[in-house]
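Any read-out appearing in this document is the output of simple, stated calculations on the displayed coordinates, not a laboratory observation. Only a predicted model underlies this, so the values are computations on that prediction, with no experimental measurement involved. So basically every Cβ, Gly included, is an ideal-geometry build from the backbone, and we count neighbours across all protein chains shown.
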Amino acid sequence: MVELSSADEANFRWVLSIDGSSNQQGSGAGVILEGPNGLLIEQALRFAFKASNNQAEYEALIVGMLLAKEMGVQSLLAKRDSLLVTGQVTGEYQAKDPQMAVYLGYVRPDSEGVVCDVRAGACP
């Protein structure tokens with residue numbers, strides 16, 4: 001589904017910002033997809049299952065990528081604040097946990113779809 005690219009941020013017309021979180025009362029995520037000409041799509045997600053912070057980050061990334069694909073996006077810069085998830089997607093870290101490996105397999109570069117450069121950083 002995702003192909004990682006080393007293209008500069010200026011080359012991306014679409015930016016996906018995500019943030020997932022989890023606590024004792026539940027888990028969820030925020031997804032913001034910014035496109036050309038000021039187009040802004042925001043989604044708040046509340047999960048009906050227990051998830052860790054990193055699982056919530058992956059869920060948000062997957063939702064954002066699917067949304068971008070539905071919008072016909074060809075090139076996407078994904079920003080998030082989870083260094084672990086970013087490191088796993090870029091190949092810097094290994095996904096040792098079996099559930100993280102499943103998420104990683106879903107967003108790996110060898111799948112077809114949106115060209116996506118995943119970077120860590122503060123999300124708006």
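I'd like to know which of SER75, GLY38, ASN54 lies farthest towards the positive end of the charge dipole of segment 9-120, counting +1 on Cβ of Lys and Arg and -1 on Cβ of Asp and Glu.
So the residue we want is ASN54.
Identify all lysines with a Cα-Cα distance to LYS96 below 22 Å; exclude those on the same chain that are fewer than 8 residues away in sequence.
Those lysines meeting the cut-off are LYS50.
Where does each of 40-49, 23-32, 89-98, 70-79 land if you order them by average Cβ count within 10 Å, highest first?
Top of the packing list down: 70-79, 23-32, 89-98, 40-49.
Within 10 Å, Cβ to Cβ, of ILE32, how many net charges do the neighbouring residues add up to if Lys/Arg are +1 and Asp/Glu are -1?
Taking every Cβ under 10 Å from that of ILE32, the sum is -2.
Can you compute the modelled spin-label distance between MET71 and LEU45, with each label point 7 Å from Cα toward Cβ, in nm?
Going by the 7 Å Cα→Cβ label model, 1.5 nm.
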